[in-house]
1. So in the stretch 430-481, with the set limited to residues that are part of a helix (DSSP H, G or I), modelled with pLDDT under 95 and of a type in the set (D, E, K, R), which one is nearest to Arg517 (Cα to Cα)?
2. Looking at (1) out of contact with any Phe, Trp or Tyr (no Cβ under 8 Å at 6 or more places or on another chain); (2) at pLDDT 95 or above, find the lone condition where Ser595 falls short.
3. With Leu535, Leu484 as the choices, which residue is farther than 21 Å from Phe648 by Cα, touching a Ser or Thr at 6+ places or on another chain (Cβ under 6 Å) and surrounded by 19 or more Cβ atoms within 10 Å (Cβ to Cβ)?
4. Return a yes/no flag: does the stretch 37-54 have any residue that is open to solvent by less than 50 Å² (accessible area, probe 1.4 Å) and among the charged types (D, E, K, R).
5. For Ser108, state whether it is open to solvent by 30 Å² or more (accessible area, probe 1.4 Å), among the polar types (S, T, N, Q) and closer than 29 Å to Glu523 by Cβ.
6. Among the candidates Arg517, Arg453, which residue alone is charged (D, E, K, R), within 24 Å of Ile650 (Cβ to Cβ) and either touching a helix residue (DSSP H, G or I) at 6+ places or on another chain (Cβ under 9 Å) or open to solvent by 60 Å² or more (accessible area, probe 1.4 Å) (or both)?
7. Among (1) open to solvent by 60 Å² or more (accessible area, probe 1.4 Å); (2) part of a helix (DSSP H, G or I), which single condition is Pro63 missing?
8. Would you confirm, using the coordinates I've provided, whether Tyr122 is surrounded by 14 or more Cβ atoms within 10 Å (Cβ to Cβ) and in contact (Cβ under 8 Å) with a residue 60 or more places away in the chain?
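The values are calculated or read from the model by the stated rules, or taken from the named source; none is laboratory data. Because the structure is a prediction, the values reported are computed rather than measured. Cβ sites come from the backbone with ideal geometry, for glycine too, and all protein chains shown count toward neighbours. We work out accessible area using only protein heavy atoms, side chains counted, and drop any ligands, DNA or RNA first. Shrake-Rupley method; radii C 1.70, N 1.55, O 1.52, S 1.80 Å.
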Amino acid sequence: MQIAALVERGKMDEAEIRILQSLGESELFCIDHALYLWLSALPDTSFLQKAPLWLSLAEKLFPDSPLLFSIYHQSAERYLKNGYSQQALTYTIKALQHAFLAEQRQQSLALMVETLAQKGKYNEAGLLLKTVFKQYSTQKYVPTKELFSQIFPELKLESLSVSSLLDLASFALSLNLFEETKSMLQEVEKRSLNLLQKENLLNLQIRYLLTVNDLSQLQKLLEKYGRETYFQETLLFYQGVLSQRSANYSKAINHYQKLLQTYPHSSYLFSVYLNLLACYQSLGDDTNYSLVLHKALELFPQKDTFYLVWFQKALREGNSEQIQAALEGLQKFPQHKNRALFWSYKLGKNSEPELLWEILADENIDYYFVRSWQELIQKGYNPQEHFHIENRPLPVIENYPQNLSTQLEKAGEHWKSYLFLKEKGFYQNAEIELLFLYHKNPSAKLLHLEFVRLYISMGEYRKAILHTLYLQQNFSQANQNLLLLSNLYPLFFKQEVEKATRLFPEVDPYLVFSVIRAESLFEVTSQSRAGALGLAQLMPQTAQWMLETGKAKLKLETIDEETLLQPEINIHIGVAYLDYLLKQFEGKLIPTICSYNAGPGRVKQWLQNYSEDPDFFFENIPFPETKGYLEKVLVNYFYYSLIWKGSFAIEKLF
């Protein structure tokens, strides 16, 4: 593209002349992309002068171009950056009109929030931000929290309606902005409220006080509403919760029992039975625990929760008969079939492996599948002989991309534009064309394979994995296909991983890939709600400690967030931390993985109770997040080992 070459050399005036000349030609192939590239490269001063005319021309000349959203959105961003909020708002609305993807609509609305705030429309900005965060999963937590924190001091709370205040208070609470939540709740308390508004306020106040663990204020709140009969069901439940939080289990039981007697069909019924079980367990009252559990199973046969509670209690007590009864109940839930089969094998009187083979035959890869594999190896079997990964293309993609091109013949110039832009290395422009093609051809599932290849070229690895997952789930016989599995469990950042593991040879590179995939899905800029950063999701204070103690072999004394996000540094410290944990736990994999998520101190405490058996330990991990994380990493490790090493076995599991 001659225009792109001129832009790259900084010859902006010549590029503009060439664009104008191209507009007079009969063939307008990719001129909208050339215009977008040129506008993007213009310095701010020139852009602000030239953009209005070119934006007007673009919509007239290319009314169906998928670039119109990007052109208008970029223009709105630049006008906003330079303080022209009204023009920014105009172009944001234009961008919204041309958005053809949900993510584009989210981006436009998020930009509109910033524009409204710059215009001094803080109330409107806050309410819109709340809506965007609620409706669009692509609106990320951390930037949302930061933006609302900036907007909040300027909000005119007294001018907001009660419903708006309650909505914003709930939004602030979801962002863990506690002072902001408290301020808005106090403003609502000043208002004259109808019964429904009072109920909503009460529920939100209770949520807030429980979140910040202010039990004394919660007690006062419940006493304040105590005489209002309309709220008695809610008050009884939370009086029980308050007593339970205060470790007054007998009193909590009295409140819950009174609630059941007064409101037998209470909306809190499920939670009441769970809480009663927790109270009786804390008191060591096995008789009443069993009575409540039996009743809960009778009331909620369609839920797996109480069968799991039953199973875990029986497991702790070592009651084989009760364990087996609970497993029979769990087996009717597909997601628990492997658990039921594995424990039936583990607790069986003989060690015949038929149940283990049955788990492997279903190819539902979870913790119990991995453990079954390990058990079979220990018994001298070779489970790999019965688990085949197909090393050939799927029939549906054997003639790719010719058959995809045939499907897209009606797509006009867009497929041609995409292939041209991709070949020339204009990946972001190519992505826009490909997204537009899929928007217009949602039944062309093979486009997802093209997305995979494009996103790998762009370094957008998380997106590549997600599109591969779609392919696996939507094509028959794709579940164990090597082409898809190697893209689902890829070796991105291989050079950085190998460099780090050479310095820490006790750490298996494939364990590192497994952890990175579980932590960030290879997204370099990933940031958790807790503040963990980068590919290996390291807390800044952990990274700093690794440097200060010399456990990380880097010539750095301190580290800031920007440095920690660099892939080579992030991976190095992550590998060093894994090496430290492996040494802490004598090379045992399960406690090492759990410690990476929950911290070694907690894991050592858990091991004091369940140190003899990996499966008893797994079932009794008190943090659901850590339990899920362990399973995820083990499954990743299974696939990485099998795909890239050719075999899977763990020397020291526990």
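1. Residue satisfying both the conditions and the ranking: Arg453.
2. (1)
3. The unique qualifying residue is Leu535.
4. Yes, that holds for at least one residue.
5. Numbers: open to solvent by 30 Å² or more (accessible area, probe 1.4 Å): no; among the polar types (S, T, N, Q): yes; closer than 29 Å to Glu523 by Cβ: yes.
Answer is no for this residue.
6. Values: Arg453 fails: within 24 Å of Ile650 (Cβ to Cβ).
Answer to the check: Arg517.
7. Pro63 satisfies every listed condition except (2).
8. no
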